[in-house]
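Since the structure comes first, as structure tokens, the remarks are kept for the end.
The values are calculated or read from the model by the stated rules, or taken from the named source; none is laboratory data. None of the values given here were measured: they were computed from a predicted structure. A quick note on method: Cβ atoms are made from the backbone with ideal geometry, for glycine too, and the neighbour counts reach across all protein chains shown.
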Amino acid sequence: MLAAVTPDALILPAPAAAFDLLTRGGVVMWPLLGLSVLGLTLVLERAWFFGRTGGAGGTQRYALLSAALRSGQVDDAGKLADADRTVYGAAARHLLREGPAAAAEAIELQRPRVERFLPTLSTIITAAPMLGILGTVLGIIASFAVLGDGSSPPDPAAVGAGIGEALLTTAAGLVVALLVLLPYNLFRVQADRTLGRLELLAEAAGG
């Protein structure tokens, strides 16, 4: 049987409780922990990037830069581009240096910055549930191994431990995937929006 939840268990320090869950979840919990830490790190980095690029300040700088390029105010556009550390400023500097003919190149040079880490986040969303399923299979195998070891009656604690491992890894895999899924979708929208603005910036530079 699964261990009963006691009042003492509810007041365990957070690190101790987390370590207890990792231990009861089996070996698959450790790669899931690694994926969760990696996913959180990348989510924070992308949130900072798109906050600078798509926030109020970034949008305002983009609008001023686009207006200066569209009206042919090269000197003003150059000053705005030099002061802008976002992808908009970098693309504008390339356009002013190479001319409107380099519009496609200016956009493609910034694409890696815009889409950075998005494939990794997508991989985490796919891999976490699969690891959870692997942990489920391992837990069930452990339970059946206890049932089939010839002992009579089988040890309920050992059977329950295998079932607990299966349930914990399934839940952990789904939680990691869900925590990354929403930010990833938001970042995907922001990336498409940013690339669209870069295309408009290139059109403005071309007159």
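Being assigned to a helix (DSSP H, G or I), at pLDDT below 95 and surrounded by fewer than 14 Cβ atoms within 10 Å (Cβ to Cβ) is the requirement here; does ALA101 meet it? Criteria met by ALA101. Across the range 148-180, which residue is modelled with the highest pLDDT among those that are of a type outside the set (A, V, I, L, M) and in contact with a Leu (Cβ under 8 Å, 6 or more places away or on another chain)? My answer is GLY173.
Would you confirm whether or not the range 42-54 contains a residue that is within 27 Å of GLN190 (Cβ to Cβ), within 30 Å of the chain's Cα centre (by Cα), part of a helix (DSSP H, G or I) and at pLDDT below 90? Taking every residue of the range 42-54 in turn, at least one turns out to be within 27 Å of GLN190 (Cβ to Cβ), within 30 Å of the chain's Cα centre (by Cα), part of a helix (DSSP H, G or I) and at pLDDT below 90. Answer yes or no as to whether THR86 is surrounded by 14 or more Cβ atoms within 10 Å (Cβ to Cβ) and out of contact with any Cys (no Cβ under 7 Å at 6 or more places or on another chain). Yes, satisfied. The residue that is surrounded by the most Cβ atoms within 10 Å (Cβ to Cβ), among those in the range 57-80 that are of a type in the set (A, V, I, L, M) and farther than 30 Å from TYR184 by Cβ, is LEU69. Going by the conditions given, is ARG85 modelled with pLDDT under 95, under 21 Å from GLY54 (Cα atoms) and assigned to a loop (DSSP other than H, G, I, E, B)? In short, yes. Pairs meeting the criteria (first residue in the range 41-63 and in contact (Cβ under 8 Å) with a residue 24 or more places away in the chain and of a type in the set (Ser, Thr, Tyr), second residue assigned to a loop (DSSP other than H, G, I, E, B) and surrounded by 14 or more Cβ atoms within 10 Å (Cβ to Cβ), beta carbons under 9 Å, at least 6 apart or on different chains) are THR53/THR86; TYR62/ASP84; TYR62/THR86.
A quick yes/no check of all residues on (1) surrounded by fewer than 19 Cβ atoms within 10 Å (Cβ to Cβ); (2) modelled with pLDDT under 90; (3) not basic (Lys, Arg):
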| residue | (1), (2), (3) |
| --- | --- |
| ARG93 | yes, no, no |
| LEU109 | yes, no, yes |
| ARG116 | yes, no, no |
| ILE124 | no, no, yes |
| ALA128 | no, no, yes |
| VAL146 | yes, yes, yes |
